[in-house]
Amino acid sequence: MTLYKQMILGLCIMFLSLCGANYVSANDLSTTPGDASTPGYVVDEDGKITGTVGAKYYNVNTWKDMFDTYKGVSSSGTQQVVFNLIGDVAGESSFGTGVAVVEGVGVTIRGNDYTLYAGNNATASSGIGRDNTAGFYSSSASTTNQTVLKLENAKVVNANANGIFPITSTATVQTNYHNVAYRNGPTNAGASPLRNDRGTIQLSGTNTFSIIEGSDDAGSDNQGEWIQGAYNVEVVSGTTTLTQSWGNDQPIYAYGNTGNTIKVHDNAKLVWNLDRTYTMYYDDGNSGPLVWDIGNNAAFIINGTEKTASRNSNWFMSTAFSAWTLNVGDNSEFKVKTGGGSINTDTFANGVVWNFGKDSKIEFDNLNTSRALVSGVPRTGSAMNVNDAESVTLKSAGSTVFSSTTNLPIKINGAGLRLHASTDYSGSNQTNDLWKRVTTGSTDGTFSSAAMTPTEYNSSDLNYLKTAKFIQWFKPTGMGINASDINRTFDVKLNELPLNGDWSDLIKGNAEMNLNFADDRGVSPNFEIQVSQLSNETVGATDYYWKNKGDDQEVLLTDNPLKIATINDDSNLPSNVTMTMAGGNYQFNYPENAGLLLKAKNSLKVQESENAKIQYAIVNGPGSD
């Protein structure tokens with residue numbers, strides 16, 4: 001009887017030991033003190049690590065330490081669990097098992113420039129596909145944007161096509177990346193670094209993401225996107241750069257949500273360096289809007305090649321987005337180069353609206369040799385609104401800029417822009433290029449009509465624009481001096497100079513000279529050209545004169561500027577002046593016996609060096625402010 005009671009008691013003790021509330025895993029570091037080189041908890045005495053004086057953080061160097069510690073502390077209420085790496089984190093089987101995120105219990109991984117291997121083997125060299133339950137993950141609507149997962153100052157070698165923070169289905173957890181360098185470990189699988197279907201992704205500092213397959217199209221489908229999900233992606237600060245070559249995928253796979261927003265905040269920059277990709281954008285049945293929102297003094301640059309988006313004939317593949325809005329803020333840049341052919345505007349049921357802010361620089365460059373840059377008939381409400389942009393450049397290598405049916409409304413607002421169009425893709429200023437002075441107003445991509453003022457687009461201009469491969473609207477450059485052939489040499493025969501010491505007759509130059517100036521302000525030019533002598537190395541033996549073509553009298557040059565021309569009417573130019581590029585260049589041509597001329601005395605010594613400096617200037621004409 002006594003023996004029986006002892007056995008029961010022993011069993012109870014064993015049961016309590018295994019099942020009691022205070023059981024701690026060997027890898028739960030919440031009660032294990034650590035130091036700079038030892039895994040365990042550390043008290044943040046000054047708050048520099050956690051942001052809270054006296055809070056705990058955890059020195060770690062394994063995935064299992066992180067997962068078990070998170071499990072151990074997640075029942076303690078709302079908190080941000082901070083893991084501080086003290087070494088590289090090797091891949092291991094527990095990475096693929098992961099840990100489910102608890103609402104209100106966020107994670108910060110401070111990388112300290114160490115490398116995390118996000119895979120099931122040590123070097124993350126073997127792809128694990130798209131594992132939704134690897135790393136720190138959630139698919140539950142109960143986890144919201146009140147829970148934030150952060151990765152800071154770390155390098156990641158990735159083998160999971162959802163990265164280390166897979167947020168899927170109805171979860172809206174926020175994931176943040178700051179000073180992160182991601183690259184794929186496997187050659188042709190498990191490369192996609194970011195997965196967040198309905199939450200927000202925030203990027204700050206300097207981030208680089210490299211997604212490179214072993215050879216063209218060798219990478220597995222749906223394993224090489226930059227982001228899957230992508231409901232709301234924000235570049236908060238700094239520069240985030242994607243380098244991608246994955247022939248079966250593209251940067252964004254919009255998935256499992258009701259739209260996609262890419263927001264580049266003021267002063268931030270997003271760069272995509274793309275080589276081989278399938279298309280520009282793939283949307284898996286999302287019904288909401290697509291929004292690209294670029295703030296002030298910000299940039300979104302897409303550097304593509306002929307292979308970029310080349311496996312689909314249009315930018316947008318299988319899209320159900322309701323609309324596309326592209327906002328480019330003041331003094332910002334949006335530049336895109338791709339081989340993927342047309343921007344298929346008709347795919348958006350509620351239209352396409354592009355808004356280009358003050359002093360913004362816009363460039364769409366289509367390298368596809370068989371398709372227009374912009375195609376389709378855009379829906380009602382579509383427009384390209386150019387609001388005092390610095391420049392808007394549209395280029396198409398193979399076909400025209402706009403297809404013949406693309407009646408996208410184009411509105412030039414504000415102070416107005418000049419126009420340069422060319423049937424040459426490079427816009428190389430062929431002799432038949434179209435140039436127009438500053439104007440405001442509207443037209444559309446079919447160029448069937450235009451309402452422009454004060455400079456009108458006539459029927460000939462509109463017909464030219466229909467065939468153009470290069471169209472650029474840009475702000476006037478103003479007055480300026482263009483490249484000119486202004487140096488002039490003279491042959492002075494000393495034995496032919498007057499023996500009595502008088503001045504010689506005018507000595508002509510050895511060749512013609514030309515001066516080139518610009519004044520593309522407004523609808524008419526209004527400038528004067530002045531010339532003055534800055535120095536003369538042989539004063540008393542040489543004098544320099546100016547003589548306009550056709551004039552009977554020359555004028556001695558001094559340091560006091562001499563007006564030599566006034567230009568205020570393009571239709572009434574001097575006979576030696578030609579205008580091109582709608583005020584972009586005025587060329588003043590002077591034969592050998594006009595322009596800068598010379599008189600000399602026989603006291604002049606033989607020389608073959610610079611003798612004088614002459615200054616040419618362009619100034620406002622009469623009546624200018």
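Projected label points at Thr578 and Lys48, each 7 Å from Cα along the beta carbon direction, are separated by 7.0 nanometres. Close lysine pairs were tallied over the range 479-620: pairs 8 or more places apart or on different chains with Cα atoms under 22 Å apart number 25.
The dipole here belongs to the chain: it is taken about the Cα centre, uses +1 on the Cβ of Lys and Arg and -1 on the Cβ of Asp and Glu, and is about 1280 debye. Whole angstrom only: what separates the Cα centroid of the range 351-389 from the Cα centroid of the range 156-198? With the range 351-389 and the range 156-198 each reduced to a Cα centre, they are spaced 32 Å. Put a plus charge on the Cβ of each Lys and Arg, a minus charge on the Cβ of each Asp and Glu, and nothing anywhere else: the dipole of the range 405-505 about its Cα centre is then about 680 debye.
A dipole drawn for the range 479-620 from +1 and -1 charges on Cβ atoms has a positive end, and of Leu497, Tyr545, Asn568 the residue lying farthest that way is Leu497. So what is the relative contact order of the range 152-212, in percent, for Cα pairs below 8 Å that sit 6 or more residues apart? Once divided by the residue count of the range 152-212, the mean separation gives 43 percent. Entry note, the chain: the mean residue ellipticity at 222 nm calculated from DSSP H runs of n ≥ 4, each adding -39500 (n - 2.57), is -2000 deg cm²/dmol after division by the residues and rounding to the nearest 500. Once you keep just the Cα pairs under 8 angstrom separated by 6 or more residues, what percentage relative contact order results for the range 479-620? Once divided by the residue count of the range 479-620, the mean separation gives 39 percent. When the Cα positions of Ser524, Asn510, Ser603 are compared along the charge dipole of the range 484-614, Ser603 comes out farthest toward the positive end, with charges on each C-beta of Lys, Arg, Asp and Glu.
Does the range 30-94 classify as rounded, prolate or oblate by the C-alpha gyration tensor (a ≥ b ≥ c root eigenvalues; a/c under 1.5 gives rounded; else a/b over b/c gives prolate, otherwise oblate)?
oblate
Evaluate the relative contact order of the chain (contact order divided by residue number), counting alpha-carbon pairs under 8 angstrom at least 6 apart; express in whole percent. Let's see the in-between values first.
Numbers: 1904 pairs, mean separation 35.7, N = 625.
Relative contact order of the chain: 6 percent.
Cα centroids of the range 106-140 and the range 540-572: 76 Å apart.
Please get the size of the charge dipole for the range 479-620, origin at its Cα centre, with Cβ charges of +1 on Lys and Arg and -1 on Asp and Glu, quoted in debye to the nearest 20.
Values: 11 positive and 20 negative charges, 36 e Å.
That gives a dipole near 180 debye.
Shape call for the range 283-410 from the C-alpha gyration tensor, a ≥ b ≥ c root eigenvalues: rounded (a/c under 1.5), prolate (a/b greater than b/c) or oblate? Judged from the Cα gyration tensor, the range 283-410 comes out rounded (a/c under 1.5).
Read-outs throughout are calculated quantities, based only on the coordinates presented, and are distinct from any laboratory measurement. These numbers come from a predicted model, not from an experiment. Cβ sites come from the backbone with ideal geometry, for glycine too, and all protein chains shown count toward neighbours.
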